[in-house]
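Below: the structure, in structure tokens.
Coordinate-derived values only; no laboratory data. Here the structure is a predicted model, which is why all the values come from computation and not from measurement. Cβ coordinates were reconstructed from backbone atoms using ideal geometry, including for glycine residues, and neighbour counts include every protein chain displayed.
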Amino acid sequence: MLARTLKTTALAAAVVIATAGASMAATWAWVDQDSKVRANHHLASPTVNWVEDGQKVQVIAKWNNWYKLKIPGPDGWVRRTVLDFDPPYKPGKPGFGSSFCLNGDNAQFCLGFSN
């Protein structure tokens with residue numbers, strides 16, 4: 001009986017860990033301002049890359065107020081203030097115009113006519 005309980009507990013823990021990892025791996029954000037990407041999660045860390053305003057980036061880790069990004073070139077860390085986790089909707093921008101949009105955590109879907 002004890003062995004069965006331990007196996008069930010271990011399986012449940014593995015599912016929780018796998019789900020948490022997959023959920024973080026699928027997190028996307030948009031860059032709000034041009035910013036340096038640093039090797040580690042502190043301001044004294046060397047710059048290894050650069051992100052630009054409007055760029056869509058994949059968030060692969062979080063530490064306090066810092067997020068690690070998977071981007072073309074070396075991956076690295078930026079502060080939370082650089083990122084926006086809501087998809088950008090800009091009325092009048094080509095492709096949006098008169099449209100109906102559904103926003104999700106990982107995507108934005110729009111129907112309608114563009115300007």
Residue-by-residue Karplus 3J(HN,Hα) for the range 41-46, coefficients 6.51, -1.76, 1.60, Hz, glycine and proline x: 8, 7, 5, 7, 5, x
Nonlocal amide H pairs with ILE60, under 5 Å, H built at 1.01 Å: LYS68, LEU69, LYS70
Nitroxide proxy distance, nm - points 7 Å out along Cα→Cβ at ASN64 and LEU43: 1.2
Amide H contacts under 5 Å for ASP32, placed H, 5+ residues apart: GLY54, LEU83, ASP84
Environment charge of VAL31, counting only residues whose C-beta is closer than 9 Å and scoring Lys/Arg +1, Asp/Glu -1: -4
